[in-house]
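Each remark here refers to the structure printed beneath this line.
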Amino acid sequence: MTTALSGTPKRWDSRRTAKAQRLQAGSAHSQGKVIKPGRLKDLLHDVIRSGDRVALEGDNQKQADFLSRTLADCDPHRINKLHMLISSVSRPEHLDLFERGIAAKLDLAYAGPQSVRIAQMVEDGSVHIGAIHTYVELYARMFVDLAPDVVLLCAEKADRDGNLYTGPNTEDTPTIAEAAAFHDGVVIVQADEIVDSSDDLPRVDIPGSWVDYVVAADRPFFLEPLFTRDPRHIGPVEILKAMIAIRGVYERHQVVSLNHGVGFDTAAIELLLPTYGEKLGLKGRIARHWVLNPHPTLIPAIESGWVESIHSFGGESGMNRYAAARPDVFFTGADGSLRSNRVLAQLAGQYAIDMFIGSSLQIDADANSSTVTDGRLSGFGGAPNMGHDPHGRRHSSAAWLDLAHGVGASRRGRKLVVQMAQTFRAGGVPTFVETLDAIDVGKQAGMPLPPVMIYGDDVSHVVTEEGVAYLYQAHSLTDRRAALAAVAGVTPVGRTADARQVESLRRDGLVAFPEDLKVETRLADRSLLAARSIEDLVAWSGGLYEPPARFRDW
């Protein structure tokens, strides 16, 4: 069949033909699928083409750092103008790619450790941002309009046929591999160890037919203990907020399934469940099913019988033996190790849980929040995905129905989206502001919309050390703003609160202070914590938790 205009036969296999050419060029540097020692850079030069869309596995924890370091060391005259898809821009070489002219455009989800540097590079024009996504949004686009030409991934083990064992930190690897493998992209994987056959792998997480090349890494892939919080740094203010949250949100709405954002605020809640929660008689009534990385601070609650199940986005350093020993709680393979999957956990966090609770760096008067502040482009990670009310949900739960609204056929429940914050951050910087820095940052970066993390109309509750604002109860924008101001302390937003109006809001149930919730502030003391140090967490685990060296101080 020919095209109507030119009569030239249409090619339907251009991507497949291009992949065959790339693999032919790369074969000079490999023995079968195994890249020869010292030849990785040569292979990248021959397989990657200037202008390619390249997905580099920088998850929010594990990093394909041998591949990223080698790519950053490539010749920019041979490889340039790459469009990088990096979910978590976490390592220096991720941005070295742009400084050296190897890459030009970036689509990302999170940039925590590199947030200051990336903001500077965006401002000086060396990095062009396509968009800041949620994790699952970026991966979804890899199956739509951001199909990668080459993907660079990591695994714990691989065999010579390309079968992969990704282990507890499987995270995003299968999703990114599939996006390339089934649309004629090239899949290159670094492995901590290459074995002879699949019989030598604990299990096969990704089949070899998806993988084009494997290379033995120069050292184990980097893994950030992102979700480890030392209880020593949890103080009275965090404990008070946790008490307020447990009584004013968890108990009130009977929250059974949930996700905790990362931070000391939520770590405090986890450590209060076996003590304060037990005293309130809440065991078995709240916080039973979790979508969560294996937080070490959740160990006491697990050991106390609070937790029935945990499905994880990824693993956590030092938690592998513990998770393997608790298969009734964690999702594990036949080999005993944790099976994590970021995309499926994000879907579970979107549709299958009653509540998301997390913190932010800035919140405005309408409860819009962002972690993008002046001079810091940190991105969002998964918070926007879990921190919104999914209108596609159809199953019911007590917590979801407790926030039900509408009448007749339009009546539906609502997910709890809770922002938990201290009114002032370190250095006396207010959390509650009149205008988010993200608005100016977005303009300076040429973004079509401000990089807002969670939109205010999705936020159902705000918890501070002052109390709880039940925003979902507000019947007008004026009441909503007044309720938020009532718990915003003496910040710019809090100073707009009117005392008489606040009392009216308390009577109407839009605001609750600690005394309204029967929270005794005098009890907000470290003695309430089920564990007060990393060493205590190790003891709770029966020695199964093996914290990273930097957390060992005993």
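The values are calculated or read from the model by the stated rules, or taken from the named source; none is laboratory data. Nothing here was measured: the structure is a model prediction, and the numbers come from that model. Please note: Cβ atoms are built from the backbone with ideal geometry, for glycine as well, and neighbour counts cover all protein chains shown.
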Selection from segment 116-145 of residues that are part of a helix (DSSP H, G or I), in contact with a Gly (Cβ under 8 Å, 6 or more places away or on another chain) and within 21 Å of Ala179 (Cα to Cα): Tyr135, Val136
Residue within segment 511-525 that is surrounded by fewer than 21 Cβ atoms within 10 Å (Cβ to Cβ), under 30 Å from Pro225 (Cβ atoms) and out of contact with any Asp or Glu (no Cβ under 6 Å at 6 or more places or on another chain) present: yes
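Within segment 372-381, count every residue that is closer than 18 Å to His133 by Cα and surrounded by fewer than 24 Cβ atoms within 10 Å (Cβ to Cβ).
3
Considering every residue within segment 455-466, establish whether at least one is more than 20 Å from Gly494 (Cα to Cα), buried (at least 19 other Cβ atoms within 10 Å of the Cβ) and touching a residue at least 24 places away in the same chain (Cβ under 8 Å). Quick ask: steps written out before the conclusion?
As a first pass, look at segment 455-466 and keep what is more than 20 Å from Gly494 (Cα to Cα): 458.
If we keep only those that are buried (at least 19 other Cβ atoms within 10 Å of the Cβ) too, we end up with 458.
From what is left, the residues that are touching a residue at least 24 places away in the same chain (Cβ under 8 Å) are 458.
Checked against the condition, which is being more than 20 Å from Gly494 (Cα to Cα), buried (at least 19 other Cβ atoms within 10 Å of the Cβ) and touching a residue at least 24 places away in the same chain (Cβ under 8 Å), segment 455-466 yields at least one hit.
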Looking only at segment 351-371, and only at residues there that are small (Gly, Ala, Ser) and buried (at least 20 other Cβ atoms within 10 Å of the Cβ), the one that is nearest to Gln444 (Cα to Cα): Ser370
Any hit, segment 130-137, residues being surrounded by 24 or more Cβ atoms within 10 Å (Cβ to Cβ) and under 30 Å from Gln21 (Cβ atoms): no
Ile79 being in a loop (DSSP other than H, G, I, E, B), within 23 Å of His183 (Cβ to Cβ) and assigned by TED's automatic domain parsing to the domain that holds Leu152: yes
Pair list, Cβ under 9 Å, 6 or more apart: segment 379-404 residue under 23 Å from His475 (Cα atoms), other residue acidic (Asp, Glu) and surrounded by fewer than 16 Cβ atoms within 10 Å (Cβ to Cβ): Asp389/Asp457
Every pair of residues 6+ apart whose Cβ atoms lie under 9 Å, when the first sits in segment 408-430 and is under 16 Å from Pro384 (Cβ atoms) and free of Cβ contacts under 8 Å to residues at least 24 places away in the same chain while the second is surrounded by 13 or more Cβ atoms within 10 Å (Cβ to Cβ) and not hydroxyl-bearing (Ser, Thr, Tyr): none
Where Lys157 falls short, out of the listed (1) at pLDDT 95 or above; (2) buried (at least 24 other Cβ atoms within 10 Å of the Cβ); (3) within 30 Å of Asp335 (Cα to Cα): (2)
Verdict on Ala367 being on the phi > 0 side of the Ramachandran plot and at pLDDT 95 or above: yes
Residue in segment 286-300 that is over 22 Å from the mean Cα position of the chain (by Cα), outside the structural domain of Asp172 (by TED's automatic domain parsing) and surrounded by fewer than 21 Cβ atoms within 10 Å (Cβ to Cβ) present: no
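Say we look at segment 178-199 and pick out the residues that are β-branched (Val, Ile, Thr), within 23 Å of Arg69 (Cα to Cα) and touching an Asp or Glu at 6+ places or on another chain (Cβ under 8 Å); which of these is surrounded by the fewest Cβ atoms within 10 Å (Cβ to Cβ)?
Taking segment 178-199 and keeping what is β-branched (Val, Ile, Thr), we get 186-189, 194-195.
When the remaining residues are screened for being within 23 Å of Arg69 (Cα to Cα), the result is 186-189, 194.
Keeping just the survivors that are touching an Asp or Glu at 6+ places or on another chain (Cβ under 8 Å) gives 186-188, 194.
On the way: Val186: 24, Val187: 26, Ile188: 27, Ile194: 19.
Among those that are β-branched (Val, Ile, Thr), within 23 Å of Arg69 (Cα to Cα) and touching an Asp or Glu at 6+ places or on another chain (Cβ under 8 Å), it is Ile194.
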Residue within segment 40-50 that is surrounded by 24 or more Cβ atoms within 10 Å (Cβ to Cβ), closer than 27 Å to Gly379 by Cα and assigned by TED's automatic domain parsing to the domain that holds Val127 present: no
Residue within segment 262-270 that is out of contact with any Gly (no Cβ under 9 Å at 6 or more places or on another chain) and not in a helix (DSSP H, G or I) present: no
